[in-house]
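What follows is a short report on a single structure.
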Amino acid sequence: MSLTILDAIKQRKSVSKYQKDAVLDHSTLNELIRLAGCSPSAYNLQNWHFIAVISDEGKALLKAAAFGQPQVETAAATFIVCGQVQAHKTLQKRLSPSVKAGTIPADIANAWVAAASRSHEGNFQLQHEEAIRSGSLAAMTLMYAAQGMGLASGAMGGFDAEQIKKHFPLGDDDIPVMLITVGIPEKNNWPQKERRPVEEILTLA
Ligand SMILES: Cc1cc2nc3c(=O)[nH]c(=O)nc-3n(C[C@H](O)[C@H](O)[C@H](O)COP(=O)(O)O)c2cc1C
């Protein structure tokens, strides 16, 4: 039985201890990424790419790249979530299914492509920021998708990007944004940690 989105938000916590013999089948991996791909992105750029590290050899390489953090080895899968730069160059292709489906009028799609090209071409800071934004949103969706499917997850920013690029099939435009471990949790993980009170983090304007 799947959780409501509110239950998933309330129950998700960062897991680092996984049952190490658990395996995720290909249809589960595909479904997690299909759901992560439902995330929003500027102009619907969909500038993301996911590498599911599931082999023993891949996990050993990833553990070394993640400064020895053991959850990369015990999780059933660790996703290298990448955001992509130069995304304006593939925007026409990304929008064409929505134009064909009648979701976006062709002239609006063309205007979006022109606007994205104007702002992104040669602006590497914006491209980088957009890659981090899209990758981060997709990573969050992936964690909630896992939670909704009864799995546990953990976000990781502690990794050496150069080692990841060296050992895994990232494209030239891929920037590794986050690692997301997914698997079956052991019982001895910490609960979700305490959060700052709303009065401290919300300002009404
Ligand atoms: C961007 C980011 C980077 C993180 N990097 C790591 C990491 O490298 N290793 C780790 O064990 N946890 C990492 N975490 C998990 C955080 O420690 C965790 O989300 C935070 O303590 C809140 O825990 P909770 O959600 O279980 O309450 C990271 C989380 C985020 C969002």
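No lab work stands behind these numbers, since they all come straight from the coordinates. For clarity, every value in this text was computed on a predicted model and none was experimentally measured. Here the Cβ is made from the backbone with ideal geometry for all residues, glycine too, and neighbour counts use every protein chain on show.
For the range 1-77, the helices (runs of 4 or more DSSP H) that sit wholly inside it and include 3 or more residues that are within 15 Å of the ligand (Cβ to nearest atom), within 23 Å of Gln192 (Cα to Cα) and out of contact with any strand residue (DSSP E or B) (no Cβ under 9 Å at 6 or more places or on another chain) are 5-11.
Select from the range 148-157 the residues that are assigned to a loop (DSSP other than H, G, I, E, B) and near the ligand (Cβ under 10 Å from one of its atoms) and list them in ascending order.
Result: Gly157, single match.
Taking the criterion of being part of a strand (DSSP E or B) and hydrophobic (A, V, I, L, M, F, W, C), would at least one residue in the range 186-203 satisfy it? Checking the range 186-203: not a single residue is part of a strand (DSSP E or B) and hydrophobic (A, V, I, L, M, F, W, C).
Restricting attention to the range 103-147, the residues being away from the ligand (no atom under 13 Å from the Cβ) and aromatic (Phe, Trp, Tyr) number 2. So, in the range 158-175, of the ones that are touching a residue at least 60 places away in the same chain (Cβ under 8 Å), within 16 Å of the ligand (Cβ to nearest atom) and not in a loop (DSSP other than H, G, I, E, B), which residue ends up surrounded by the fewest Cβ atoms within 10 Å (Cβ to Cβ)? Per the stated criteria, the residue is Gln163. When the residues of the range 55-92 are filtered to those that are more than 22 Å from Asn189 (Cα to Cα) and under 17 Å from the mean Cα position of the chain (by Cα), the one that is surrounded by the fewest Cβ atoms within 10 Å (Cβ to Cβ) is Val85.
Taking residues in the range 93-120 that are farther than 22 Å from Ala131 by Cβ, and partners anywhere that are in a helix (DSSP H, G or I) and of a type in the set (S, T, N, Q), the pairs with Cβ atoms closer than 7 Å and at least 6 places apart or on different chains are Ile104/Ser98. Going residue by residue through the range 97-112, is there one that turns out to be part of a helix (DSSP H, G or I) and over 21 Å from Ala42 (Cα atoms)? Checking the range 97-112: not a single residue is part of a helix (DSSP H, G or I) and over 21 Å from Ala42 (Cα atoms). The residue that is nearest to Ala152 (Cα to Cα), among those in the range 29-54 that are of a type outside the set (A, V, I, L, M, F, W, C) and surrounded by 16 or more Cβ atoms within 10 Å (Cβ to Cβ), is Ser39.
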